[in-house]
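The values are calculated or read from the model by the stated rules, or taken from the named source; none is laboratory data. Predicted, not measured: the structure shown is a model, and the values here were computed from it. Every residue, glycine as well, gets a Cβ built from its backbone with ideal geometry; the counts of neighbours run over all protein chains shown. Side chains included, ligands, DNA and RNA excluded: accessible areas come from the protein's heavy atoms. Shrake-Rupley method; radii C 1.70, N 1.55, O 1.52, S 1.80 Å.
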Amino acid sequence: MSKRSAFLALSFLLLVACSKSATGANGGSSQTLTVFAASSLTKAFGAIGSDFQAANPGAKVTFDFGPSDGLANQIESEGTADVFASASGTWMDDVQSKTGVADRTDFAKNRLVIITPPDNPAGVQSLADLARPGVSVVLAAEGVPVGDYARQALDAAGLSKQVLANVVSNEQDDASLVAKITAGEADAAIVYASDVTSTVAPQVNAVKIPDGQNVIATYPIAVIDGTSHADLAKSFIAYVSGSAGQATLATYGFLPPA
C-alpha cells in the first residue's frame, strides 16, 4: 500500500471514529440542551434532567437557574437558551413577544406559604400578623414572580400598606428568602410551598395561607425560537409535561397544571 493510500485509509478511520464519538447510544447525534428555569424549580428540574438524560442516551441537559425576570432579560439579550421554564406567565409573554417561542404549555402550579424561624419569635400565624408593628418581613423584589404573587395576596387581603412598611429586605429570588429566614435575619417571608423541601422543613416553621387569600402561580415552559436543538427541546417539554415529569414535580411540592 502506498503512503498516500495508507494516509487516506487512516483519515477515513479517524473520520468514522469521530462520527461515532458524536453519536449517542440511541443512534442519534449527541446534543446539549440549555434550559433556563426559575430558581424555584432547581431541585425538581435537577432530578428531571437526570431522568431525561437516562431516557435519552446521547442527550445532555444543562440548567441556568435564576429569577424569571432576569432569565427573560438574558434570553432576550444573549439568546443562549433552548428552553425557558418560567414561574410567571408575564415573563414568558415578554420572551414570546420579543424573542419568540414555540410549543408553549403550562406544566405546573404552586402555592404561597409563610415561613418563619422554627421558634416563630413574632408569633406569626396569618397574613394579618405580618402587618403588626415590629414584625420584620422579607419579600422578593418587585418583578420577581414570588414577590409579585406575595404582593397580590397582600393587596387582596387589604394589607399591602401595613406589611410593606415592615419589609426589611427585597430579595432577588425565593432561595434568598429562605436563606434569610434560616439565618434568623427576619421574622417572616412569603415563599412558594415547594420551597419548603425536606431539607428546609426542619429549619423553618411553615404557616399555611388560606385558599381565599392565596395566589396560585402558574408555570409555563416553551422552546425558544432559533434554537438549533428544537426536536430535543420539544422532547424535554413533553417529558416535563408527561407522567414521569409530573410525578417528580409532585414529589417536590408542585401542583399539576390543570
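Of all the listed residues (ALA189, ALA222, ALA206), the sole one being at negative phi, touching a residue at least 40 places away in the same chain (Cβ under 8 Å), surrounded by fewer than 17 Cβ atoms within 10 Å (Cβ to Cβ) and part of a strand (DSSP E or B) is ALA206. For the range 108-155, residues that are among the polar types (S, T, N, Q) and outside any loop (DSSP other than H, G, I, E, B) total 3.
When ALA244 is tested against (1) touching a strand residue (DSSP E or B) at 6+ places or on another chain (Cβ under 8 Å); (2) of a type in the set (A, V, I, L, M); (3) under 17 Å from LEU33 (Cβ atoms), only condition (1) is not met. If you go through the range 69-93 and keep only what is in a helix (DSSP H, G or I), under 22 Å from LEU33 (Cβ atoms) and of a type outside the set (Ser, Thr, Tyr), you end up with GLY70, LEU71, ALA72, ASN73, GLN74, ILE75, GLU76, GLU78, TRP91, MET92.
Looking at ALA175, ALA183, ALA157, ALA122, which one is within 18 Å of GLY70 (Cβ to Cβ), open to solvent by 10 Å² or more (accessible area, probe 1.4 Å) and among the aliphatic types (A, V, I, L, M)? Quick ask: steps written out before the conclusion?
Values: ALA183 fails: within 18 Å of GLY70 (Cβ to Cβ); ALA157 fails: within 18 Å of GLY70 (Cβ to Cβ); ALA122 fails: within 18 Å of GLY70 (Cβ to Cβ).
Testing whether each residue is within 18 Å of GLY70 (Cβ to Cβ), open to solvent by 10 Å² or more (accessible area, probe 1.4 Å) and among the aliphatic types (A, V, I, L, M) leaves just ALA175.
Within the range 1-33, if we keep just the residues that are part of a strand (DSSP E or B) and either modelled with pLDDT of 50 or more or of a type in the set (Phe, Trp, Tyr) (or both), the residue that is most open to solvent (accessible area, probe 1.4 Å) turns out to be SER29. For the range 160-172, the set of residues classified as surrounded by fewer than 15 Cβ atoms within 10 Å (Cβ to Cβ) and either among the polar types (S, T, N, Q) or at pLDDT below 95 (or both) is empty. Within the option set PHE52, PHE36, being over 16 Å from the mean Cα position of the chain (by Cα), within 21 Å of ASP231 (Cα to Cα) and open to solvent by less than 10 Å² (accessible area, probe 1.4 Å) holds for one residue only, PHE52. One residue alone among GLU171, GLU142 is over 15 Å from THR116 (Cα atoms), within 17 Å of the chain's Cα centre (by Cα) and charged (D, E, K, R), and that residue is GLU171. Looking across the range 209-219, just one residue is of a type outside the set (Gly, Ala, Ser), open to solvent by less than 20 Å² (accessible area, probe 1.4 Å) and either in a strand (DSSP E or B) or farther than 14 Å from TYR149 by Cα (or both), and that is TYR219.
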